[in-house]
Amino acid sequence: MSEVLRPPVEVLYQEELELLKKADDRPKPPNWELSPWAVVHFLMGGKLGKGKEIEPKYFGDRRLIELAVSTLVTDRALLLTGIPGTAKTWVAENLSAAISGNSSLLVQGSAGLAEESLRYSWNYAQLIAKGPSEEALVPSPVLKAMQTGKMARVEELTRIPSDVQDTLITILSEKILPVPELNMQVSARKGFNLIATANDRDKGVNELSSALQRRFNTIVMPLPATLDEEVRIVQNRVEKIGQQLELPAQKSPVEEIRRLVTIFRELRSGRTEDGKNHLKSPSGTLSTAEAISVFQSGQALAAHFGDGQVKAEDLASSLTGVIVKEGDQDLQVWQEYLETVMKKRKGWQDFYDACSTWIGKK
Amino acid sequence: MKVFGIRHHGPGSAKRLSKALRAYQPDCLLIELPAGVEKALKYLGEPGLKPPVALLMYPVKDFQSGSFLPFAEFSPEWQAMKYALKKEIPIIPMDLPMGIQIDQSPVRRLSAVRTDPLGHLAKLAGFDDSERWWDVTFEQEEDDLAVFDMIEEMTLALREGALFDEPPLNIAREAYMRKALRKAIKDGHQRIAIVCGAWHTPALTQWESISAKSDNDRLRGLKKEKYEVSWIPWNYERLSFYSGYGAGVVSPAWYELLFRYRASISIRWMARAGRLLRQKGQDASPAHVLEAIRLADTLTALRDKPLPGLAELEEAAITVFCRGDRKLFDLIRKKMIIGQKSGKVPEKLTSVPLQKDFEQKVKSARLSPALKSSEAVKKELDLRKPTQLSASKLLHSLMILDIPWGKPMKGSQFKTGTFSEKWKLKWVPDYYVKIVQAAIYGNTIEEAALNKMKEKIQGTESLQELTELMDQSIKADVPEVIPELTTKMQELAALTKDILTLMEALPALVQVYKYGNQRNSETQFFKDIIEEIVPRIFVGLPSVCSGIEEEPAREVYKAMQRTHHALHLFNQPDLIEAWLKTLRILSNTKSVHLLIQGWSWRSLFDKQKVEPAAMERTMQAYLVTSQAPMYFTQWLEGFLSGSGLLLIHNPGFWKLLDRWIRQIPEDQFKTILPILRRTFSAFQGPERKKMLNMARFGSGLPAEKTKDEINEELAEMALSSVRKLLEI
């Protein structure tokens, strides 16, 4: 094992990728390392030949991955959206590792990103010494991917300013990148494509122009499908973070996590877990990541000011804060939830009391 | 002879069957339809008969319990019959006739293979539902005529030649089929085509291995009831789920495309999705359609399927057109998946049980004269009398079925809870057609009204409409829909942001709850939904009342009054207590419109939640803080809200008001006068008379005795005396 904290997927799963390559007898699109079928198999895991096993990388719906891979086969760029904690980046990384054997051609989107990061920049020493020349050109990861026929990745696409985003239009539709300074253009090799990820419910993002939107096939990454799954994720993370923060050890409070995650899931989906009651949803994203943070702050409260056991009161304040974001509207949604769902639920009285007291305080 | 195993409503089967029949050139068609439907089959050639249609079969004696046998254009049986008609060869229904009683009880537990053989095979092939597996395996292999042999072999293997290890009904049915086959052979037919469900194929191919005698023995002594048969129009919606005989299909619209445009199905489907989405304002250009088709094709290849299925097309459409958003696709889902086709049947071919039931009901409700009359007939019904109650139920049920024979007369409130209804009845011959069309919903008026109501409930997204539907259901006496109705109401109530709609729905709900109580019907559902709606109103009200203009405030004000009455009629102490708590919040919130603040104070005062002295102080405070008299007038209107008694019984209020009016500058007084007048003119005549006296002589003097006729004039006098007091 290397000294690197976290090696890229193609290194981490090198062995599996080689196994797949050997076993793969299906047609490969030009410049792909694996056939589409093998790519799906790499992500979803399962048996391979005799006694060989591929570890599953994605624990969701297989159809979604099939859809993603098919999109890349058809030459359309792929946009994975969804709220935080839905494995967008992880899937993008695994796809590019499986398809191109290289997941590092990556542009990290941010509000300060300049066009050069998507196109090319110059090596100024060379530029001054020799004037504009191909040697002085410093290609961006996207340009590199075009030249080598590989997958490029753009993280947090919607954080990039709109005018910079639009640089991608020509690249995606014409598959060329003009370099006017050198009076030339770079044409993408076969196998080039782009996988972008974006958070679709965050505030302060730059919506894609419809021209750019048209170049992408969009797949919305779903949240954990079942309550148990989400509880497991939250519990797992809460325990790990608790160790890092060196909070006093305590019994794993599964019951409280379950109640918290239930609230999150119900408000998010606009439906009670038993499917009987419909609810309004607040404006916030209520991602799994937020559930983790609510629980964590409750844990801190309990550890430092309570008896160490997370109780409803410890969760009420940060829970209210996460749900009530846009003032009156959200408050109303939350109050309705308290009055029509929580109040009637057996064994939830403490939660109801804690939360309604907290709203009263506000 | 040749046996053609098909899947009912399988478009691939239909296509293949047509081809196979053309190749085989049969001289007779044996088909898996109940013997006895021949008399309906002879109308197959009628030009007016257009699928989807259904054969409706019902016992002559007990016509309510009929069953349907639907056919779409893509049903293999329909195609087979069309072929036979064209070639003028006889069509022989070979299945057990309707109305044969088979003892079903001693069925022992069957293995998984037997209870759901196709499901079992599908599972083995890695599919989670047999429908899809059949589609992929058989329906898509279009040109291969050998598929029929394959199907036969497969079922033979499944049944392991053990033809009698079946439920008694199936054994009897297959015995009957063989009997029909023997008869056809005896009649001299040489090339017999047998069209039946795939499962039955071995029973027929191996007919010689079973003796005619054993089959006859099996069928001997079965009692048979007399059945009537008729064609009725059907539609894709009804075809899309289980009803009566035979299984429904998941996606009639898809099957139709599969049947008609097999080669270009992806293009047709996707182009249609694109067009529908464009109509919904989505960005769905032909370029998108192309991309979506390419994606669906790739996906199909990736999944090792010969042709894109509905799943692939749908996923591709969602990804390309809807930016991954399923909800957008839901807008067109019904049109894309179920479709909207309705069949046609010439009027002369139909005689449906629903008609008979209707006629019977008309008779027993003593409405026959009204039915025969060509003039409009007026009728007042006393619901305490059973005959007239049944007439009322019938008329309301017909209204549900969109047959407005009776119309509620003006002035007749039709309030639930009263015992009298006034109707105007006018029969239009078109209504007979409507009854035939309604036969699709059931064989009795009740059943049809129930199913139609269910459809209406599914079709609406408006709380108000649901409230109306609820009212209709109660009056037509179809309580079976109540659970579904209240569930949907609950759903909409939870999602609506419009508190006013909830407030509008509440009084009606409470009325039905109370009325239901009188009729001993199931009222728990209403109680649940009321208790569900009310807290939502309480929570949402403060923001609804805040920062609004006068006009919407007036609307909310009226709705609040109705809510107030409804809650008191519902009479649940904790809800009333919570309501008063809400009013308390409203009365103390500055941003709430003054009209509503005033009314909230009044209600709290009436409920003795505010002491008179405190109320006086509050009024004083409002007087002082109102920057312009206009504002206070609004508060006052709400506070007095149509009754002046308050002022008469509380001299303190009167004096405050009196003093206030005196100090208003003249120009401002003119602007508030119309509002004051509106407030005061809403009072009862005697109240106004008394106030006039109070204004004239001070509140200490006893009032003159007055009569009721005093009204508008005296109000004017009151105002003119106020004017005098103010020396205008």
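Please go through the range B:23-50 and pick out each residue that is touching a Phe, Trp or Tyr at 6+ places or on another chain (Cβ under 9 Å), surrounded by fewer than 21 Cβ atoms within 10 Å (Cβ to Cβ) and not hydrophobic (A, V, I, L, M, F, W, C).
Hits for the range B:23-50 are B:TYR24, B:GLY36, B:TYR43, B:GLU46.
Looking at the range A:273-281, can you tell me whether even one residue there is away from every other protein chain (no Cβ under 14 Å) and free of Cβ contacts under 8 Å to residues at least 60 places away in the same chain?
Taking the range A:273-281 first, the residues away from every other protein chain (no Cβ under 14 Å) are A:273.
Subsequent filtering for residues that are free of Cβ contacts under 8 Å to residues at least 60 places away in the same chain retains A:273.
Yes, the range A:273-281 has at least one match.
Return yes when B:LYS393 is of a type in the set (Lys, Arg) and either in the same structural domain as B:SER420 (by TED's automatic domain parsing) or free of Cβ contacts under 8 Å to residues at least 24 places away in the same chain (or both) and no when it is not. Walk me through how you get there before you give the answer.
Working: of a type in the set (Lys, Arg): yes; either in the same structural domain as B:SER420 (by TED's automatic domain parsing) or free of Cβ contacts under 8 Å to residues at least 24 places away in the same chain (or both): yes.
Yes.
Considering only the range B:314-321, I want to know if a residue exists there that is touching a Cys at 6+ places or on another chain (Cβ under 8 Å) and of a type in the set (S, T, N, Q). Give the derivation first.
Taking the range B:314-321 and keeping what is touching a Cys at 6+ places or on another chain (Cβ under 8 Å), we get none.
No: zero hits.
Touching a His at 6+ places or on another chain (Cβ under 9 Å) and within 14 Å of chain A (Cβ to nearest Cβ), is that true of B:ILE537? Full working, then the answer.
Values: touching a His at 6+ places or on another chain (Cβ under 9 Å): no; within 14 Å of chain A (Cβ to nearest Cβ): yes.
In short, no.
Considering only the range B:455-471, I want to know if a residue exists there that is in a loop (DSSP other than H, G, I, E, B), touching a Phe, Trp or Tyr at 6+ places or on another chain (Cβ under 9 Å), charged (D, E, K, R) and over 28 Å from B:LYS558 (Cα atoms). Break it down stepwise before answering.
We begin by selecting, within the range B:455-471, every residue in a loop (DSSP other than H, G, I, E, B); these are B:460-462.
Right, trim to touching a Phe, Trp or Tyr at 6+ places or on another chain (Cβ under 9 Å) and you get none.
No, the range B:455-471 has no match at all.
Condition (residue is basic (Lys, Arg) and crowded, with 22+ Cβ neighbours inside 10 Å) applied to the range A:88-98: is it met by at least one residue?
Here is the first cut: in the range A:88-98, the ones basic (Lys, Arg) are A:88.
Cutting the leftovers down to crowded, with 22+ Cβ neighbours inside 10 Å gives us A:88.
Yes: one or more hits.
For the range A:50-77, enumerate the residues that are under 24 Å from A:SER209 (Cα atoms), part of a strand (DSSP E or B) and either of a type in the set (Val, Ile, Thr) or facing another protein chain (nearest Cβ under 9 Å) (or both).
Matches in the range A:50-77: none.
Picking from B:ARG562, B:ARG662, B:ARG554, which residue would you name as being basic (Lys, Arg) and in contact with a Pro (Cβ under 9 Å, 6 or more places away or on another chain)?
Details: B:ARG662 fails: in contact with a Pro (Cβ under 9 Å, 6 or more places away or on another chain); B:ARG554 fails: in contact with a Pro (Cβ under 9 Å, 6 or more places away or on another chain).
Only one candidate passes the filter, namely B:ARG562.
Within 52 Å of the chain's Cα centre (by Cα), surrounded by fewer than 21 Cβ atoms within 10 Å (Cβ to Cβ) and assigned to a helix (DSSP H, G or I), is that true of B:ILE648? Break it down stepwise before answering.
Working: within 52 Å of the chain's Cα centre (by Cα): no; surrounded by fewer than 21 Cβ atoms within 10 Å (Cβ to Cβ): yes; assigned to a helix (DSSP H, G or I): yes.
No; evaluated as a whole, the condition is false for this residue.
Being more than 24 Å from A:ASN199 (Cβ to Cβ) and part of a helix (DSSP H, G or I) narrows it down to one of B:LYS327, B:LYS334, so name that one.
Working: B:LYS327 fails: more than 24 Å from A:ASN199 (Cβ to Cβ).
B:LYS334 is the lone residue from the list that is more than 24 Å from A:ASN199 (Cβ to Cβ) and part of a helix (DSSP H, G or I).
If a residue has to be within 14 Å of another protein chain (Cβ to nearest Cβ) and modelled with pLDDT under 85 to count, how many in the range A:317-331 make the cut?
4
More than 23 Å from A:SER162 (Cβ to Cβ), within 14 Å of chain B (Cβ to nearest Cβ) and not in a helix (DSSP H, G or I): does that describe A:LYS47? Walk me through it before giving the result.
On the way: more than 23 Å from A:SER162 (Cβ to Cβ): yes; within 14 Å of chain B (Cβ to nearest Cβ): yes; not in a helix (DSSP H, G or I): yes.
Yes; evaluated as a whole, the condition is true for this residue.
For the range B:458-476, give me each residue that is surrounded by 20 or more Cβ atoms within 10 Å (Cβ to Cβ) and under 30 Å from B:VAL53 (Cβ atoms).
Hits for the range B:458-476 are B:LEU469, B:SER473, B:ALA476.
Tell me the residue from B:ILE403, B:ILE332, B:ILE337 that is away from every other protein chain (no Cβ under 14 Å), β-branched (Val, Ile, Thr) and closer than 24 Å to B:LYS434 by Cβ, please. It would help to see each step written out before you state the result.
Details: B:ILE332 fails: closer than 24 Å to B:LYS434 by Cβ; B:ILE337 fails: closer than 24 Å to B:LYS434 by Cβ.
The unique qualifying residue is B:ILE403.
Specify which of the listed residues (B:ALA296, B:ALA284) is buried (at least 22 other Cβ atoms within 10 Å of the Cβ), part of a helix (DSSP H, G or I), in contact (Cβ under 8 Å) with a residue 12 or more places away in the chain and of a type in the set (A, V, I, L, M). Lay out the reasoning, then the answer.
Numbers: B:ALA284 fails: part of a helix (DSSP H, G or I).
Only one candidate passes the filter, namely B:ALA296.
Residue check, B:ILE576 against (1) surrounded by fewer than 15 Cβ atoms within 10 Å (Cβ to Cβ); (2) not assigned by TED's automatic domain parsing to the domain that holds B:ILE675, all met but one. Which one?
(1)
Does the range B:528-535 include one or more residues that are surrounded by 17 or more Cβ atoms within 10 Å (Cβ to Cβ), without any contact (Cβ under 8 Å) to a residue 12 or more places away in the chain and more than 25 Å from B:VAL592 (Cβ to Cβ)?
To start, the set of residues in the range B:528-535 that are surrounded by 17 or more Cβ atoms within 10 Å (Cβ to Cβ) comprises B:529-530, B:532-535.
The next check asks that each one be without any contact (Cβ under 8 Å) to a residue 12 or more places away in the chain; those that pass are none.
No, the range B:528-535 contains no residue that is surrounded by 17 or more Cβ atoms within 10 Å (Cβ to Cβ), without any contact (Cβ under 8 Å) to a residue 12 or more places away in the chain and more than 25 Å from B:VAL592 (Cβ to Cβ).
How many residues, within the range A:99-113, are in contact with a Pro (Cβ under 9 Å, 6 or more places away or on another chain) and either in a loop (DSSP other than H, G, I, E, B) or surrounded by 23 or more Cβ atoms within 10 Å (Cβ to Cβ) (or both)?
To start, the set of residues in the range A:99-113 that are in contact with a Pro (Cβ under 9 Å, 6 or more places away or on another chain) comprises A:99, A:102-107, A:111-113.
From the residues that got through so far, the ones that are either in a loop (DSSP other than H, G, I, E, B) or surrounded by 23 or more Cβ atoms within 10 Å (Cβ to Cβ) (or both) too are A:99, A:102-105, A:111-113.
Residues meeting the conditions: 8.
Would you be able to tell me the number of residues in the range B:445-454 that are in contact (Cβ under 8 Å) with a residue 60 or more places away in the chain and surrounded by fewer than 20 Cβ atoms within 10 Å (Cβ to Cβ)? Steps first, answer last, please.
Residues of the range B:445-454 in contact (Cβ under 8 Å) with a residue 60 or more places away in the chain: B:445, B:447-448.
Checking the rest, the ones that are also surrounded by fewer than 20 Cβ atoms within 10 Å (Cβ to Cβ) come to B:447.
Residues that pass the stated criteria total 1.
Could you count how many residues in the range B:16-48 are of a type outside the set (Ser, Thr, Tyr) and touching a Lys or Arg at 6+ places or on another chain (Cβ under 7 Å)?
Let us first name the residues in the range B:16-48 that are of a type outside the set (Ser, Thr, Tyr), namely B:16-17, B:19-23, B:25-42, B:44-48.
Filter once more, keeping what is touching a Lys or Arg at 6+ places or on another chain (Cβ under 7 Å): B:25-27, B:48.
Residues meeting the conditions: 4.
Matching residues to (1) at pLDDT 85 or above; (2) in a helix (DSSP H, G or I):
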{"residue": "A:ASP274", "(1), (2)": "no, no"}
{"residue": "A:PRO282", "(1), (2)": "yes, no"}
{"residue": "A:ALA289", "(1), (2)": "no, yes"}
{"residue": "A:SER293", "(1), (2)": "yes, yes"}
{"residue": "A:SER297", "(1), (2)": "yes, yes"}
{"residue": "A:ALA300", "(1), (2)": "no, yes"}
{"residue": "A:HIS304", "(1), (2)": "no, yes"}
{"residue": "A:GLY308", "(1), (2)": "no, no"}
{"residue": "A:LEU315", "(1), (2)": "yes, yes"}
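Are any residues in the range A:1-34 within 21 Å of A:GLY60 (Cα to Cα) and outside any helix (DSSP H, G or I), and if so, which ones?
Of everything in the range A:1-34, just one residue is within 21 Å of A:GLY60 (Cα to Cα) and outside any helix (DSSP H, G or I), namely A:TYR13.
Can you list the strands (runs of 3 or more DSSP E) found entirely within the range A:137-240 that contain at least 2 residues being within 14 Å of chain B (Cβ to nearest Cβ) and in contact (Cβ under 8 Å) with a residue 24 or more places away in the chain?
Ranges flagged: A:193-199, A:216-220.
The values are calculated or read from the model by the stated rules, or taken from the named source; none is laboratory data. Please read all numbers here as calculations on a predicted model, not as lab measurements. Neighbour counts run over all protein chains shown; Cβ positions are idealised from the backbone, glycine included.
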